[in-house]
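Trainee: Handing you a structure now.
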Amino acid sequence: MRIERLAIIGVGLIGGSLARALRAAGAVGEIVGCGRSLANLERARALGVVDHITHDPAEAVRGADLVFLAVPLGAMRGALAAMRDSLDPEAIITDGGSVKCSVIEDARAVFGAVPPRLVPGHPIAGTEHSGVEASFAELYRERRVILTPLPETDPDALARVTAMWQACGAEVTEMSVAHHDEVLAATSHLPHMLAFGLVDALARMRENDEIFRYAAGGFRDFTRIASSNPVMWRDICLANREALSAMLARFSIEMTDLAESIRRADGEQLHEIFARARAARDRSIAPPRSSAPAQLPVVGFVAPSGSGKTTLLRRLVAALHARGQRVGYLKHAHHRFDLDRPGKDSYELRAAGAAQTLLASRERWALQVENTQKGTDPDLESMLARFERERLDLVLVEGFKHAHYRKIEVYRAALGQPPLYPNDPEIIALVTDDPPPVMPHPPVFSLADLDGLMEFITRCPR
Ligand SMILES: NC(=O)c1ccc[n+]([C@@H]2O[C@H](COP(=O)([O-])OP(=O)(O)OC[C@H]3O[C@@H](n4cnc5c(N)ncnc54)[C@H](O)[C@@H]3O)[C@@H](O)[C@H]2O)c1
Ligand SMILES: O=C(O)C(=O)C[C@]1(C(=O)O)C=C[C@@H](O)C=C1
């Protein structure tokens, strides 16, 4: 899956995160960002999220093979109208709007009928922050994206949009438009109404200073989403007003019943409600995706230096990543290494004796742990245990040639060294462009056969 020229209309949290994720997956060529705020667009370009910027949707979509709309719902119709006459006939249009019936209505109003190459979509992922500065490549990883195709939707456009989200690490599901809007009214829009409503009600109480001063964890957890963008939420309420009004009406009956149980001091009823709610929530919190730790495939790559092992690994990781695989990489370094530089705070504090140093930023974090047995090689199992295994699909290891685990040998005859596989039964495959020098030999892949190797590795049991 590759998009040659992607136009993002609205380079905020959602649009910016898609651009970053596709770039990280190597699934996109050029990215044009379109928006209203020049400062935000310039920031997007400076951060490398987009390559070109413009205020004009018509200019943005010219020559684009995929257009992603990520503006507030109230701005969708205007953006569609502005780009209509400049769209390439083959261009796919998709969006990330939180309500689907309104986007479809907007498209019908602008184009006369819903274009077959429009694939309505909605990533069920976000934060309470807005703007490109808040965007990050991992936003969609392991999150759901709902697509709501219509009978007239072109299957090829649907397949490409599905592949686009999968390249970002998302799990794509399909739903009817009406069902989507009802489900989201319950699971996303109603909770936001409760958070906004609660904070606003408390803020308007006379004693609000004191209330906020003593608000602790429960209040914080419950009201995080009340920091979300008011324009976006105004538009969601207006766009989904029918489903959301029905949900609010049902919910207020539940609240009235709860209040009545409290007034009556009906402990039994209260306990029943809370126990039912707790069980439902515990069930609904999704278990970590994919493999149990013991099944996480781990494959090593061994070879003398100069064999092309690291180049092969770099290409392999990029190709696996583009397929949505979450790859862990573990390298055994024979030499001393230091991620820090003298003069950096973390270097100085570690040198002062910190046993563990954790560097954390918006992009990544790194924990550096001092080996207490300096001079002793770390063992493979204890290093593998450091990974957040539930967030990975496989681990590729470089080195650890003497450890007991499955390895792939990269062999190059020109180095003049004997191959390792005759003396290591745990070498399960050979990557080489030369004839294997010793018979018998494990399965062979050429250096160019990344597809074959990926297939082999992803099915490789621990
Ligand atoms: N924030 C979330 O959690 C979340 C999650 C899923 C979907 N969505 C949906 O994604 C869309 C974007 O939300 P976001 O959180 O990225 O918002 P955002 O505020 O971070 O980004 C929106 C961008 O659109 C630009 N914009 C506004 N009006 C415009 C117009 N008329 N023409 C061009 N650009 C315009 C803004 O300048 C801004 O850069 C919304 O439709 C929202 O419903 C949001
Ligand atoms: O996590 C958050 O901050 C969100 O509000 C994300 C959230 C949600 O309700 O889950 C908000 C709106 C969307 O359309 C999709 C996701």
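The values are calculated or read from the model by the stated rules, or taken from the named source; none is laboratory data. Every value quoted in this text rests on a predicted model; they were computed, and no experiment measured them. All Cβ positions, even for glycine, are placed from backbone atoms using ideal geometry, and neighbour counts span all protein chains on display. Side chains are part of the model used for accessible areas, which takes the heavy atoms of the whole protein and leaves out ligands, DNA and RNA. Shrake-Rupley method; radii C 1.70, N 1.55, O 1.52, S 1.80 Å.
Trainee: For the stretch 76-88, give me the residue count where each residue is away from ligand 1 (no atom under 15 Å from the Cβ) and open to solvent by less than 40 Å² (accessible area, probe 1.4 Å).
Mentor: 1
Trainee: Before we move on, is Val28 more than 16 Å from ligand 2 (Cβ to nearest atom), open to solvent by 10 Å² or more (accessible area, probe 1.4 Å), at pLDDT 95 or above and in contact with a Lys or Arg (Cβ under 8 Å, 6 or more places away or on another chain)?
Mentor: Criteria met by Val28.
Trainee: Is there any pair linking a residue in the stretch 206-227 that is outside the structural domain of Leu194 (by TED's automatic domain parsing) to one that is surrounded by 14 or more Cβ atoms within 10 Å (Cβ to Cβ) and modelled with pLDDT of 80 or more, with Cβ under 9 Å and at least six apart or on different chains, and which?
Mentor: If the second residue must be surrounded by 14 or more Cβ atoms within 10 Å (Cβ to Cβ) and modelled with pLDDT of 80 or more, no pairs are left.
Trainee: Further question: Can you say whether Glu59 is free of Cβ contacts under 8 Å to residues at least 24 places away in the same chain, open to solvent by 20 Å² or more (accessible area, probe 1.4 Å), over 19 Å from Asp181 (Cβ atoms) and not in a loop (DSSP other than H, G, I, E, B), as far as the supplied structure shows?
Mentor: Answer is no for this residue.
Trainee: Can you confirm whether the stretch 248-262 contains a residue that is within 16 Å of ligand 2 (Cβ to nearest atom) and in contact (Cβ under 8 Å) with a residue 12 or more places away in the chain?
Mentor: Scanning the stretch 248-262, I find at least one residue that is within 16 Å of ligand 2 (Cβ to nearest atom) and in contact (Cβ under 8 Å) with a residue 12 or more places away in the chain, so the answer is yes.
Trainee: Give me the pairs: first residue in the stretch 75-89 and assigned by TED's automatic domain parsing to the domain that holds Ala107, second residue of a type in the set (D, E, K, R) and not in a helix (DSSP H, G or I), beta-carbon distance under 8 Å, and six or more apart or on different chains, which are they?
Mentor: Partner pairs satisfying both residue conditions: Met76/Asp95; Ala82/Asp56; Ser86/Arg62; Asp88/Arg62; Asp88/Asp65.
Trainee: How many residues, within the stretch 89-147, are more than 8 Å from ligand 1 (Cβ to nearest atom), in contact with a strand residue (DSSP E or B) (Cβ under 6 Å, 6 or more places away or on another chain) and open to solvent by 30 Å² or more (accessible area, probe 1.4 Å)?
Mentor: The qualifying residues number 2.
Trainee: Going through Ala277, Ala249, Ala226 one at a time, which residue ends up being within 16 Å of ligand 1 (Cβ to nearest atom) and of a type in the set (A, V, I, L, M, F, W, C)?
Mentor: Answer to the selection: Ala226.
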